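The values are calculated or read from the model by the stated rules, or taken from the named source; none is laboratory data. Remember, predicted model here, so these are calculated numbers, not experimental data. No Cβ is skipped: glycine too gets one built from the backbone with ideal geometry, and neighbour counts run over all protein chains shown.
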């Protein structure tokens, strides 16, 4: 192997027109205040025709133009290639032409290898400043690499999956807008992120698919967002709506805790009862038939629950409703869930609102126990999206944010 090929392989270059001196040596110095290694080379690339006038055999050599090209960093030093490019003078039109190399883009001093390394670092949850430091570039250069990364991903399903999951998340933009996200509920290997979640926007997006394609969708998992529930029958006529099981439990659990706190406020003059309600709040969220028998100070958990619930008839009724819903979800008992919701009587508390919402979407609620699909995987994606936003301290450009999400999680 010749010396030129050996050095080219070491620095990660492939242009055969770059030649190094016989006694080529690296020099150390500073490059914009950073320690760097400098390598001298020449670009001996012939140009047979003037690109301006088009005439051939009219070019004569006219010296060299030395440029500094930034290569991939080596350990703790930047690697700078001092490349002397051959210049030519056209005798016909008088223009000066400089030979070019494929190592860098036109009018750029950063090699393509560095750009590729920056894009590959988008797969890891790192801030732009850390990526810039590792590749020896500025944070602005990292931001300019996002369009190149966006070409490597696709933010659209060619064919709609048969089972979908809908959700939204808060972007890191200054106005904190909500963005729409949906996923293949079967394979969980891709998501599509849209700019907005309003009905008109979603309708215009999904109408891009044919009616036959939209009719292929069989189930759609959503939370208790009324906008999605009303829009799905219009766009997906054959799709079954599935209310996520987690949101069913979460909504009734919040209502239970609100009633529990209202009971606690009435026990301020009874410190022992007040502490019992406030301190052991987690016992009321658990299934009643799975109480642990170990002692907590002077009371077992079962007695704590029974004594606390007995303080208020309203709290007793709300607690029993919550336990019935929790049992129905755990056992996938559709009849028990439907009976609990339909037989509920108003108690003038927050549980009335929760049950009314479930009753209005009773078919979709019972579908959550009939089918195994849920929004759990998509909620996990939302959690990772928040982590990406926190690492970067927010994104001003939503396109960059979406590209980073796709690169880190699914590329």
Please go through (1) within 30 Å of residue 232 (Cβ to Cβ); (2) touching a strand residue (DSSP E or B) at 6+ places or on another chain (Cβ under 7 Å) for residue 153 and return the number of the only condition it doesn't satisfy.
(2)
Any helices (runs of 4 or more DSSP H) falling wholly within the range 216-285 and containing at least 1 residues that are in contact with a strand residue (DSSP E or B) (Cβ under 8 Å, 6 or more places away or on another chain) and in contact (Cβ under 8 Å) with a residue 24 or more places away in the chain
226-235, 271-279
Return yes when residue 38 is surrounded by 12 or more Cβ atoms within 10 Å (Cβ to Cβ) and in contact with a helix residue (DSSP H, G or I) (Cβ under 6 Å, 6 or more places away or on another chain) and no when it is not.
no
Flag if residue 17 is over 19 Å from residue 106 (Cβ atoms) and under 43 Å from the mean Cα position of the chain (by Cα):
no
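Inspect all residues belonging to the range 374-397 and state whether any of them is on the phi > 0 side of the Ramachandran plot and not assigned by TED's automatic domain parsing to the domain that holds residue 144.
Within the range 374-397, one or more residues are on the phi > 0 side of the Ramachandran plot and not assigned by TED's automatic domain parsing to the domain that holds residue 144.
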Note: among 153, 181, just one is surrounded by 13 or more Cβ atoms within 10 Å (Cβ to Cβ) and closer than 25 Å to residue 367 by Cβ, namely 181
Every listed condition ((1) out of contact with any helix residue (DSSP H, G or I) (no Cβ under 6 Å at 6 or more places or on another chain); (2) at pLDDT 85 or above; (3) under 30 Å from residue 143 (Cα atoms)) holds for residue 88 save (3)
Assigned by TED's automatic domain parsing to the domain that holds residue 15, at pLDDT 85 or above and loosely packed, with under 15 Cβ neighbours inside 10 Å - does that describe any residue in the range 130-144?
no
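Residues that are in the same structural domain as residue 27 (by TED's automatic domain parsing), more than 24 Å from residue 39 (Cβ to Cβ), in contact (Cβ under 8 Å) with a residue 12 or more places away in the chain and not in a loop (DSSP other than H, G, I, E, B): does the range 67-78 have at least one? Break it down stepwise before answering.
Going residue by residue through the range 67-78, those that are in the same structural domain as residue 27 (by TED's automatic domain parsing) are 67-78.
Remaining after also requiring more than 24 Å from residue 39 (Cβ to Cβ): none.
Scanning the range 67-78, I find no residue that is in the same structural domain as residue 27 (by TED's automatic domain parsing), more than 24 Å from residue 39 (Cβ to Cβ), in contact (Cβ under 8 Å) with a residue 12 or more places away in the chain and not in a loop (DSSP other than H, G, I, E, B), so the answer is no.
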Out of 320, 347, 378, I need the residue that is more than 30 Å from residue 151 (Cα to Cα) and in contact (Cβ under 8 Å) with a residue 24 or more places away in the chain. Which one?
347
Count of residues meeting criterion [farther than 14 Å from residue 80 by Cβ and not in a strand (DSSP E or B)] in the range 26-62:
13
Could you please find all residues in the range 96-113 being touching a strand residue (DSSP E or B) at 6+ places or on another chain (Cβ under 8 Å) and under 24 Å from residue 59 (Cβ atoms)?
96, 97, 98, 99, 100, 101, 103, 104
